[in-house]
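A.B. asks: I'd like to ask some things about the structure below.
Bear in mind that the values in this text are calculations on the coordinates, not laboratory data. Just so we're clear, the structure is a prediction, and the values are computed from it rather than from any experiment. Don't worry about glycine lacking a Cβ; one is built from the backbone with ideal geometry, like all the others, and counts go over all protein chains shown.
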Amino acid sequence: MRKKMDLKAFNLYQYLKEQHSRNFEAPYFLADQDTYENASVRFPFRTFTYGIGVTYSGKGGAFKIGSATYQTQAGSLCTIGPGIVSQWMGEYSVIHDTIYFTEELFKNSLKTSFLKSLPFFLPGGNHVVQLSDEYVEKMRSLMGSLKQFRGDTAIVTGLVYSLLMLTVKYHQYSSARQQSSSSAKEKIAGNFKRLLSQNFLERKDVAYYAEQLNITPKYLSEVLIAETGRTAKILIEEHLFMEARSLLRQTSMTVGEICHWLGYSDSSYFTKAFKKQEGMTPLQYRNL
């Protein structure tokens with residue numbers, strides 16, 4: 001059994017609130033492009049809140065979650081939930097609005113199980129989708145209202161719920177459209193990434209994922225190479241080392257504890273594998 005570790009040594013949500021918010025005790029925080037300008041958080045980090053963001057214009061960047069990389073551009077709807085490790089890649093100068101919030105925001109009006117049931121907040125969900133111009137304007141309108149009433153938690157709660165309902169509606173539309181147009185290989189690749197996000201700490205063998213998808217390991221890797229340019233083994237390793245980089249920079253866990261968390265029994269094997277992947281040892285990465 002994996003022992004409990006302290007994963008909250010660095011909390012981006014609290015860090016940004018300390019730098020930019022006057023209402024520090026509120027269970028939400030509004031961010032825009034100016035918020036991240038001086039944050040300089042370039043390493044993978046685990047989130048402890050829910051986040052909904054929409055981009056309007058500007059130069060897009062990449063948003064990496066596990067082994068999946070999402071490209072953002074004008075009209076991107078971005079969502080993330082607690083426990084997910086992500087990383088901003090490259091320069092990010094898109095004009096956008098984002099609302100981060102915790103379950104406490106809905107403590108008097110909504111069961112938290114509702115938030116936990118939304119797939120776009122869960123590991124393996126579709127975290128970035130493109131909005132139509134009509135939905136971008138609807139999102140912009142709600143974000144504008146959030147800014148106007150940011151000091152009134154009761155009104156913010158209602159506006160965030162409206163934002164959630166709009167996000168659910170568009171994801172349902174996007175999912176139906178994607179299902180009808182996706183090829184069999186695209187569906188296999190998508191299902192593999194979802195399974196990997198949910199099981200990578202316990203299962204690192206390609207055969208397990210192939211069995212879950214009712215195909216052979218060879219065919220699984222052939223599909224993934226065609227769809228992503230990488231084999232199943234490489235994607236599993238990328239997911240593991242994304243988690244490892246977060247733990248090295250975001251927590252005070254020792255290398256041995258991180259090995260245990262990731263399911264490695266041999267810390268020397270982990271160190272060698274990490275160096276091969278990153279070009280430096282785990283401790284060198286931590287001390288960057």
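A.B. asks: Distance between Cα centroids, the range 220-288 to the range 123-198: provide it in whole Å.
C.D. replies: 29
A.B. asks: If I model a spin label as a point 7 Å beyond the Cα along the Cα-Cβ vector, how far apart are those points for residue 57 and residue 109 in nm?
C.D. replies: 3.2
A.B. asks: Okay, moving on. Tilt of helix 267-278 relative to the longest C-alpha principal axis of the chain, in degrees (0 to 90, nearest 10)?
C.D. replies: 60
A.B. asks: Then there's this: Quote the relative contact order of the chain in percent (integer), defining contacts as alpha-carbon pairs under 8 Å separated by 6+ residues. Walk me through the intermediate numbers first.
C.D. replies: Details: 415 pairs, mean separation 56.0, N = 288.
Taking the mean separation of contacting Cα pairs over the length of the chain, I get 19 percent.
A.B. asks: So which GluC sites (Glu not before Pro) in the range 86-141 are both in a DSSP loop and have at most 10 other Cβ atoms within 10 Å of their Cβ? Provide the component values of the computation, followed by the final result.
C.D. replies: Values: sites: 91, 103, 104, 134, 137; in loops: 91.
Listed in order of number, the matching sites are 91.
A.B. asks: Also, quick follow-up: Amide H neighbours of residue 49 under 5 Å, at least 5 residues apart or on other chains, H built in the peptide plane: list them.
C.D. replies: 83
A.B. asks: Stokes-Einstein at 25 °C, 0.890 mPa s, Kirkwood radius from Cα pairs: D for the range 12-181 in µm² s⁻¹?
C.D. replies: On the way: Rh = 16.3 Å.
After rounding, the answer is 151 µm²/s.
A.B. asks: Any idea what angle helix 232-250 forms with the longest principal axis of the chain, computed on alpha-carbon atoms, 0 to 90 degrees, nearest 10?
C.D. replies: The two axes meet at around 60 degrees.
A.B. asks: Express the relative contact order of the range 184-286 as a whole percentage, based on alpha carbon pairs under 8 Å and six or more residues apart in sequence. It would help to have the intermediate numbers written out before the result.
C.D. replies: Details: 80 pairs, mean separation 23.0, N = 103.
Relative contact order here is 22 percent.
A.B. asks: Further question on the same structure: Ranked from highest to lowest mean number of other Cβ atoms within 10 Å per residue, what is the order of the peptides 237-244, 109-116? Could the numbers behind the result be given before it?
C.D. replies: Working: 237-244: 21.1, 109-116: 12.6.
Answer by packing, highest mean first, reads 237-244, 109-116.
A.B. asks: Next question. Where Rh is the Kirkwood radius over the Cα pairs of the chain, the temperature 4 °C and the viscosity 1.567 mPa s, what D in µm²/s does Stokes-Einstein return?
C.D. replies: Values: Rh = 20.2 Å.
It diffuses with D of about 64 µm²/s by this estimate.
A.B. asks: A further question on this structure: At residue 172 and residue 89, where each label point lies 7 Å from the Cα along Cα→Cβ, what is the point-to-point distance in nanometres?
C.D. replies: Here the modelled spin labels are 3.2 nm apart.
A.B. asks: Checking the table 169/204; 111/185; 169/193; 147/187 against a 32 Å threshold on Cα-Cα, which pairs fail? Working shown, then result.
C.D. replies: Working: 169/204 35 Å; 111/185 37 Å; 169/193 23 Å; 147/187 39 Å.
Beyond 32 Å between Cα atoms: 169/204; 111/185; 147/187.
A.B. asks: Could you list the GluC sites (Glu not before Pro) in the range 185-216 that lie in coil according to DSSP, counting only those with at most 15 other Cβ atoms within 10 Å of their Cβ? If you can, show how the numbers build up before the last one.
C.D. replies: Working: sites: 186, 202, 211; in loops: 202.
Those satisfying the criteria are 202.
A.B. asks: If you stretched the chain out fully between residue 207 and residue 162, how much longer would it get, using 0.36 nm times the residue separation minus the C-alpha to C-alpha distance?
C.D. replies: Numbers: separation 45, 0.36 × 45 = 16.20 nm, distance 4.28 nm.
Length difference between fully extended and current span is 11.9 nm.
A.B. asks: Among 267, 154, 122, whose Cα sits farthest toward the positive end of the charge dipole of the chain (+1 at Cβ of Lys/Arg, -1 at Cβ of Asp/Glu, about the Cα centre)?
C.D. replies: Final value for the positive-end residue is 267.
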